[in-house]
Amino acid sequence: MDGQRPVTTGERLTVGQVAERFGVTVRTLHHYDHVGLLRPSERSAGGYRLYTEEDLLRLRHVVVYRRLGLPLERIEELLAAEEPGAVLAHLRRQRESVLSRLAELADLVTAIDRALEKEMTGIDLTPQERRELFGEGFSDEYAAEAERRWGDTDAWEQSRRRTAGYDAEDWRRIAAETAAINQRFVEALRAGLPATSAEAMDAAEAARRQIHDRFYDLSPEFHRALGDMYVADPRFTSTYEDLAPGLAQYVRDAIHANADRAAG
């Protein structure tokens, strides 16, 4: 894979060396070891785990499959398949799937660019443009409902005042921040890390801080209510489920764990 140095025949690497070379965390490698997906074949005289050339080849396959979004259980099944062509056939199917997603993403980028050209401040988007930007789940009734539910709150007014001054570049940064935070949640979920892990809680804190800094004051305790809404309202739930199955509940649980951590 890109950026990875070739493995020398007979080479033995420690957990830290493997993490650095493959761009994964030590915690992830320990988790793969714990669930039996990738266990180091050897130990040093001091008892440290050592990965062999065969172990690293297996890890290369695991990394590829994880980037394709496969759950760990499915990866283990594929790697255990006796048929030599099973892995190749699956990779070909995944390649077609990725190409299809690339086409969809290209259309989404076009829709986002069109919205950004309107600078997203002071200029209303048409219903069709909003659907292109936010997905088929968007509706004018949904936006009106949000204003009815929260329009008389301090948070709504504070958010309205802040966003009124945002220009296209501000919204571009916010969109990038949101995508990066969501990707952190997805990676933690797909790595099999619990919602109480440092990675998941740190992503939840980043999500809280973004709302706090960009829109309205948001305490960790208030953030719990938002997390509950992500699983209580199907429209919010679908936003996360479209990124990864089970992500809405995972984000909610990470938000609660982060609030517990903040409370000491």
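The values are calculated or read from the model by the stated rules, or taken from the named source; none is laboratory data. Everything numeric in this text was worked out from a predicted model, so none of it was measured. When we count neighbours, we look across all protein chains shown, and the Cβ atoms used for this are built from the backbone with ideal geometry, even at glycine.
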Verdict on TYR216 being crowded, with 19+ Cβ neighbours inside 10 Å, in contact (Cβ under 8 Å) with a residue 60 or more places away in the chain and not small (Gly, Ala, Ser): yes
Residue within segment 176-188 that is out of contact with any helix residue (DSSP H, G or I) (no Cβ under 7 Å at 6 or more places or on another chain), modelled with pLDDT of 80 or more and acidic (Asp, Glu) present: yes
Single residue of TYR65, TYR32 found to be under 15 Å from ILE75 (Cα atoms), modelled with pLDDT under 85 and surrounded by 19 or more Cβ atoms within 10 Å (Cβ to Cβ): TYR65
Residues being farther than 24 Å from ARG67 by Cβ and without any contact (Cβ under 8 Å) to a residue 12 or more places away in the chain - total across segment 238-263: 1
Residue in segment 188-195 that is of a type in the set (A, V, I, L, M) and in a helix (DSSP H, G or I) present: yes
Residue match in segment 232-243 (condition: closer than 13 Å to VAL186 by Cα and small (Gly, Ala, Ser)): no
Test: residue in segment 36-54 that is farther than 19 Å from ARG190 by Cα, at pLDDT 85 or above and part of a helix (DSSP H, G or I): yes
